[in-house]
1. Full-extension gain between ALA99 and LEU265, please, as 0.36 nm times their residue separation minus the C-alpha to C-alpha distance.
2. What are the residues whose amide H is under 5 Å from the amide H of ARG188, where those residues sit 5 or more places off or on another chain and H is modelled from the backbone?
3. In whole Hz, what ³J(HN,Hα) sequence does the range 77-86 give by Karplus (6.51, -1.76, 1.60; θ = phi - 60°), x for Gly and Pro?
4. What full-extension length gain, to one decimal in nm, is calculated for ARG144 and MET69 as 0.36 nm per residue of separation minus the Cα-Cα distance?
Amino acid sequence: MASYTPPRLKSVAQMEPKKPEVINYAPVPRRRRRRRRWILFSAALLLASGIAFSVWKWGKPARAQFNYMMEQRDAMAMALPADKVIYDDDPTRMTALLANPAEYERTEQRFGRNGPAAHYWSAQWLAFRPGRYYDGFAFAGGRRTKAGRERIVLILTEGDSGFGDPAVSRPAFYANPYVPAEWKLGSRIVYPRHVTTLYFRMNNKQHLRIYAGQRDPADESRVTFAYDVDGQPGVIEARLIDMGTDAPKKLRDSGDDTMIELRVLTGPGLQLVDPN
């Protein structure tokens, strides 16, 4: 039988790791160190100057654009209660409305209609778009066409619509589809080249009351207005649509890609729609 020989163990001295060799590099010359510091300092100074210039040149416009976009977002989400009266020419009801001058203004007869009227104005919309180009405010908010084009639908009211015919000189709806602003600096809403108008034909002894427009939760393109003539209820519809071949020729020639279709769905009073 072969004899077993155990392995020879190394001594402690043999197991100690070797000390690493020290490499003595030559010291960096002082001139080179100074030059490196100046390069780093110049780069930092150039970067700081660029940031300061950007803040000076773009900071204020960027802040203004941000504020504008926030105001636009709030305007597109505006919502008035369904029972909010936005127009009334009944003398017995006007007194209560005009007692709130912060919201309602009185307009006088201009083209032969009997008596004045009370028009509502939205302080929130005026904060976004100062200036009153018509007598009153009916609706403002974001709506979208079937093709996905989003617009700010603005519908305003005008007292006497003109024509010189007392039977037609009634309140009018003016519908405007604005293109929303973008986040690009200086971007603002784009005004449409046309306005769709709806006129009411009623005799001068009748009185009209219109309520604030309401979004249709089932249709992103649609807004409805409840109204009544001497207590007889009705509904007005406004719909944001894509400009198609069935649109009036003067609208197709305007270059706009959307329009607002206005019509009386139910109720008294005959409509006259004028796309202009």
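1. Numbers: separation 166, 0.36 × 166 = 59.76 nm, distance 3.21 nm.
Result: 56.5 nm gained on full extension.
2. Counting only residues 5 or more places away or on other chains, the set is GLU182.
3. Running phi through 6.51 cos²θ - 1.76 cosθ + 1.60 with θ = phi - 60° gives 9, 4, 8, 9, x, 5, 9, 7, 7, 10 Hz.
4. Working: separation 75, 0.36 × 75 = 27.00 nm, distance 1.81 nm.
Extra length from ARG144 to MET69 when fully extended: 25.2 nm.
Here, each number is a calculation from the coordinates, and none is a lab measurement. What you are looking at is a predicted structure, and each value in this text was computed from that prediction instead of being measured.
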